[in-house]
1. I'd like to know if segment 275-283 contains one or more residues that are under 17 Å from ARG210 (Cβ atoms), in a loop (DSSP other than H, G, I, E, B), at pLDDT 90 or above and in contact with a Pro (Cβ under 6 Å, 6 or more places away or on another chain).
2. Within the group HIS107, HIS96, which residue is of a type outside the set (Asp, Glu) and in a loop (DSSP other than H, G, I, E, B)?
3. Please enumerate the residues belonging to segment 247-269 that are surrounded by 22 or more Cβ atoms within 10 Å (Cβ to Cβ), over 27 Å from the mean Cα position of the chain (by Cα) and β-branched (Val, Ile, Thr).
4. Looking only at strands (runs of 3 or more DSSP E) that lie completely in segment 183-265, which have at least 1 residues being closer than 19 Å to ALA110 by Cβ, in contact with a helix residue (DSSP H, G or I) (Cβ under 6 Å, 6 or more places away or on another chain) and at pLDDT 95 or above?
Amino acid sequence: MRGRWLLVASVLAAILVTIVTTAVLIMVDPKQPKAEAIKTGGLAGGAIVALYALWLNDRRRRTEEARHELEGQRLGLESEKVADERFARAVELLGHDADQVRVGAMHVLAGLARTTPRYKQTVLSVLCAYLRRPFTHPSFDEKADDPDQAYFGEKERGDVEPEDDREMTVRMTAQRLITDLLPWGSDPDETQYHLDLTAANLSYFRLEGRRFGRLVARRAQFYGITAFREIVLTKPALFSGGTFHGRVDFRDGRFEGGISFQDTTFKSKVDVTGAKVGTFLHVAPQPPDVQIGDLEVLAGTAFRVDPAGWRLTGDGQAPAGLDDHVQQD
């Protein structure tokens, strides 16, 4: 209704301007041709109509933009609802009896974390929770340090059940997806993700070059080669009470939030060449047959206990009097 009244007002204003302009031109210059005066008056009246047309077009444009915005919001809400349903369904399928279904559910979760960043920490937590489930495998008892000794399909060993191998495949998928989801290299994601792998049994776990916040692996069991080369953590890395059954590669890692190796057992070589630790360091004495490389300690690092058996370099080597008030695990 408002638009109709404006249209009528614009037409009447255009007619009035045309008449007034024509009359004024004739009065000012009676000798000029009346056709020219009428033409000029018509142009003046047409300008009024043109201004109305411009206003109407701008109004339509704003209305269309508002409609698109509302449509986008509606689609966004629908997309979030679909994402929530996919997440809930995938988590439910992690308890399925078939290993291939569990693997598929993990890939759905990983895809959701990539397309919907708000889910990434939640998906990482779900995958970590799956790895914290009780699990053992006969191969954990031997050949732990040899990556070429696959623990799949060794049918000549009577203590290996097919279910063990299938569950191992699922768990290896979870480990790989955790690694793939964490930022590394040129990835601009600066989110401080957290991993909680308390008491998990991990096989050939790899986090090379990954950047995140906190790593909690208390009482975790690491089998095979554990590869943490060039890892960057801004918050504590806690391995208290854990056991590394195979070799450990911490080369060029940066543990800015500190490390706790309280009551941690290393059964093979620990390579910390080029690795740096800050904030605090809690280590446990190791047997003489375990080789531990040089670990650079940054200035200001606090020590919980005497780092006997560890070769430390840098400005933050253990002082004569140890600090009893450092960060606990």
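The values are calculated or read from the model by the stated rules, or taken from the named source; none is laboratory data. Note that this is a predicted model, so its numbers are computed, not measured. Because the Cβ atoms are built from the backbone with ideal geometry, glycine has one as well, and the counts that use them run over all protein chains shown.
1. no
2. That would be HIS96, the only listed residue that is of a type outside the set (Asp, Glu) and in a loop (DSSP other than H, G, I, E, B).
3. Hit for segment 247-269 is THR264, nothing else.
4. Counting at least 1 such residues, we get 194-196.
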